[in-house]
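Just so you know, all these numbers are worked out from the coordinates, no wet-lab data involved. Remember, it's a predicted structure, so these values are computed and weren't measured experimentally. All Cβ positions, even for glycine, are placed from backbone atoms using ideal geometry, and neighbour counts span all protein chains on display.
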Amino acid sequence: MIRTDQSDYVGRFAPSPTGPLHFGSLVAAVASYLEACQHDGQWLLRIEDIDPPRQVAGADLAIIRALETYGFEWSGPVTYQSQNRARHDDVINTLIADGLAYSCACSRSDIGGPVYDGRCRNLQLSGKHAIRILTGNESIRFADGLQGKYSQQLESAVGDFVIRRRDGLIAYQLAVVVDDFDQGVTHVVRGVDLLDSTPRQIYLQKVLGMPTPAYLHTPLVLADDQQKLSKMTGAEAITFTAPRPTLVAALRALWQQPPPELGDNDMHDIWSWAKENWNTKSLKGKKSVLQGS
Ligand code: GLU
């Protein structure tokens, strides 16, 4: 995307290479891209490759090729989150040195539920352990661009959460905050399945003295049987042979109203229509939309 003015908007699409791009992730990418275009902003593409056990070889290239085929234009080179590993470790080590994060030796069965009770907080364990960030119970509040007001009290809702895993891998919550900051991201547009991660990310931003971007969480796309489409449940890769009708279907899933003949136009014209007519009003408050339309 070419920057046409002095807009400070920096958006991004940050897929994990755990499988090919499916229709649900296409819809999130379209929303993120159109928001950035409408604000004459930049739109970055970052591959979040920090969890090798969940990754599929070649998925990064398949995602990039799909985005190219669908006519997305990102700003600058594609970046890989794993390249920022040293920086992630620096941030974690500083948090530990400042007494804001600590080692935890508990196993999943020790914890026994979704909320960690902080039992390792004061043990000063040494050795190879998970690292958790200290949380408090003040309410973390934000207003989402589509989902409205959202708040969470971290200590009682999740407890001190992991920022580096016992196997040494950096946790998503930490990496996403650091990378969004390092890349100057001002607007995060992504699927609503990450809405409940957002308070943890805002908390980390506060602790690290980083500004909080604006958030807009797009509805999940459900198959017509109401099941969520996701890479983990093996949702189909989007087609490479008929991208135009699929792009138009993505616009329809996002409650845009493309004229029936739009799919007969070339990709450039479909995007021109989409950029000119992008409007999120009818998506307000929607947690899910149906794939077919
Ligand atoms: N990498 C995450 C995913 O594919 C998305 C991260 C984000 O947009 O914050 O689910």
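Which residues, counting only those in the stretch 110-140, are under 25 Å from the mean Cα position of the chain (by Cα) and in contact (Cβ under 8 Å) with a residue 24 or more places away in the chain? Once the filter is applied, which keeps residues that are under 25 Å from the mean Cα position of the chain (by Cα) and in contact (Cβ under 8 Å) with a residue 24 or more places away in the chain, the stretch 110-140 yields P114, V115, Y116, A130, I131, R132, I133, L134, T135, I140. Per this entry, G71 is not counted among residues that are within 13 Å of the ligand (Cβ to nearest atom) and in contact with a helix residue (DSSP H, G or I) (Cβ under 7 Å, 6 or more places away or on another chain).
Being closer than 20 Å to Q173 by Cβ, in a loop (DSSP other than H, G, I, E, B) and either in contact with a strand residue (DSSP E or B) (Cβ under 6 Å, 6 or more places away or on another chain) or not aliphatic (A, V, I, L, M) (or both) is not true of N84.
Selection of the stretch 38-59 for residues being assigned to a helix (DSSP H, G or I) and touching a Gly at 6+ places or on another chain (Cβ under 9 Å) yields only A59. Within the stretch 63-107, the residues that satisfy the criterion of being among the charged types (D, E, K, R) and within 18 Å of H268 (Cα to Cα) are R65, E68, E73. Applying the condition of being within 10 Å of the ligand (Cβ to nearest atom) and free of Cβ contacts under 8 Å to residues at least 40 places away in the same chain to the stretch 177-212 and asking which residue is surrounded by the most Cβ atoms within 10 Å (Cβ to Cβ) yields V177. Considering Y80, Y102, Y33, the condition of being touching a residue at least 24 places away in the same chain (Cβ under 8 Å) and more than 14 Å from the ligand (Cβ to nearest atom) is satisfied by Y102 alone. Once the stretch 62-81 is narrowed to residues that are among the small types (G, A, S) and outside any loop (DSSP other than H, G, I, E, B), the residue that is surrounded by the fewest Cβ atoms within 10 Å (Cβ to Cβ) is A62. Filter the stretch 122-154 for residues that are farther than 28 Å from N84 by Cβ and either surrounded by 14 or more Cβ atoms within 10 Å (Cβ to Cβ) or within 16 Å of the ligand (Cβ to nearest atom) (or both) and give the result. Passing the criteria: L146, Q147, Q153. Is it the case that the stretch 21-35 has a residue that's of a type in the set (D, E, K, R) and in contact with a helix residue (DSSP H, G or I) (Cβ under 8 Å, 6 or more places away or on another chain)? No: zero hits. On the stretch given as the stretch 26-75, residues that are closer than 19 Å to V188 by Cα, among the charged types (D, E, K, R) and touching a strand residue (DSSP E or B) at 6+ places or on another chain (Cβ under 7 Å) total 3.
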